[in-house]
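Written below as structure tokens is the structure these notes are about.
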Amino acid sequence: MTTVKIDTQVLFELSPHLFMQFAEPLGTSDTSIDAAWDFFQKRWQPKALEMIKKLSPPMIRWGGCFSSYHHWKDAIGPYSQRKPMHNFCWDGIYLNEVGTAEIAELARTVNAEMLFCVNFESDGRKHWAYPRPGMDLCGSAEEAAEWVRYCNAADDALRKSHGFPEPFNVRYWQIGNETSYDERGFSSRENAVKAKYFAEKMRKSDPGIKLILWGDGPNEEWYTRYHEGKTSYWAEEVCNEAGEYGDYIAFHNHWSPPDIHGLEYRKNPDRTWERLLEGTGIFEERIVYMCNSVKRFRKKLAITEAHMFIGGRHRGDVLSSWGAGLAYARCANILQRHGDVVVIATLADFFGNRWQNNAIMLPTPMWQNNSPYFLPVGTVMALFSSHSGNTAVRATAPDGVDIAASRNGSRCFIHAVNLHHNQAHTLTFDIDGVTKTPDAIYEISADIMDEVNDMQPDIFAPQTVTPAADGRYTLPAAGVAVLEFQLKNSSQNLK
């Protein structure tokens, strides 16, 4: 038996946006947006919407690579006037039936903030900006500023003419998406100078918006630079040049657990778990690298895309396994422990009918008896985000148990992850020097090789566990749990 110790004095505020969702039309790679849209009824598919409500994303980001060749005006107004487009990054034709108003409707329905990613002169990628003679897909700062006005100005005539008298109130905007990941795109200097120009134009449309600037470097360099004690020169340049205009610095955290490919993970569960656990370390190292990069500028970070990136069918069958879910749960705790700097984050793509790094799988066609379900990462995000505090507190745990703790007034929350897939841990809880019994426990217990699919969609659904009278709780092997405690005084140890 071992003791988890919690000191409920507040360390820092936790952002409500640590488990946001990222929506991008992925064309023939994964139908994503199209899989959730009812093209006949011109609405979000009811089954998809029901599942999204269960996930309850605090923020929805619209954009990604798609934004680098997308003109937002092609996806507004009457459907009969919208312009279909080729999806250059992901292939196929996108009809633009889901655009600004539809994302705003989805966000309003599930009570989520919106984050729009603007066309940042195609991030300098000429092959996307001008794919063939006479075709101009390059987005200007003026176009971005017009989009801000369309969304947020109370008197915008164009939005009103489309039947929306009230503003959409989009507070968060990203300038630059993976700008540093293609050597054919902007240099670090061009990114910084142009970000400043975009920011100036966009703030004239709405001075109150929150702007996210791109600060990551070439995708293949960070690991070497981190282990050499260096930081991101992209972050340094954009902070120096445009820092006064930007609120957050963005990077993406796609990580690959070593030596997991195809179906090899099924052959040796012990080795698979070792590799997945090693991958969580890589995930944290990149966060530390970027925290170090913005520290002297006192900027906050936005991880606007993140997920495990694994070779194999549909981005890796292992991502349907509970081993991946367990690893994602540890990554969720890592995000919370770095919540003093990281204020926007995700661990998955939003939804689709193919990729297994989505939070939600949408089996199609949904008008039959197919029902959406959470992939393991979605299960973890839904559980943790719905049972979490708004301030971080200090937590220590025995070896083999990963802990993050938070509080909201008189309520304390512990997120516990068993790092052993074949050994349970019996725990007691010391909160501010007093042994406490949990008031509520929500638990996921499964074998790391168990896999979710449409025939067993609820295999990883959290279960309610009755707390033991003596205060002990046994965290199962490969178990994830949220434990809630009622504090004696709501003002206890508050700064």
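Among 193-202, 431-440, 44-53, the peptide with the highest mean count of other Cβ atoms within 10 Å heads the list, and the full ranking is 193-202, 44-53, 431-440.
Taken along the Cα-to-beta-carbon direction at a fixed 7 Å, the label points for L49 and R132 span 3.8 nm. Taken as Cα centroids, segment 318-362 and segment 33-86 sit 21 Å apart, rounded to the nearest whole angstrom. Pair-distance distribution P(r) for the chain, from all Cα-Cα distances in 10 Å bins starting at 0: 4, 19, 29, 27, 15, 5, 0, 0 percent.
When the chymotrypsin sites (Phe, Trp or Tyr not before Pro) in segment 329-424 are filtered for DSSP coil states and for at most 12 other beta-carbon atoms within 10 Å of their beta-carbon, the remaining sites are W367.
Using only helices, what value at 222 nm comes out for the chain when you add -39,500 (n - 2.57) per DSSP H run of length 4 or more and divide by the total residues, to the nearest 500 deg cm²/dmol?
Values: 12 runs with 133 residues, N = 495.
For the chain, the value works out to -8000 deg cm²/dmol.
Listing F40, F485 from fewest to most neighbouring C-beta atoms within 10 Å gives F40, F485. Stretching the chain fully between I93 and T435 yields a gain of 117.1 nm (0.36 nm per residue, less the alpha carbon separation). For K488, the aspartates and glutamates whose Cα falls under 12 Å of its own Cα, not counting residues fewer than eight places away in the same chain, are D432. Computed from the Cβ-Cβ distance with R0 of 25 Å, the FRET efficiency linking E285 to T109 stands at 0.10.
By the Cβ rule of 4.7 Å, the chain holds the following cysteines without a possible disulfide partner: C117, C138, C151, C239, C291, C331, C412.
Footprinting exposure proxy ranking of H415, H71, fewest other C-beta atoms within 10 angstrom first, gives H71, H415. Using R0 = 41 Å, the C-beta based FRET efficiency linking Y79 and K204 works out to 0.85.
Of the residues R298, R61, R407, the one with the fewest other Cβ atoms within 10 Å heads the list, and the complete ranking is R298, R407, R61. Considering only C-alpha atoms, what is the centroid distance from segment 118-134 to segment 416-471, in Å? The two parts, judged by their Cα centres, are 49 Å apart.
Only the coordinates and a few stated rules stand behind these numbers; no lab work does. Treat the numbers as computed from the prediction; the structure is a model and nothing was measured. Cβ atoms come from the backbone with ideal geometry, glycine included; neighbour counts cover every protein chain shown.
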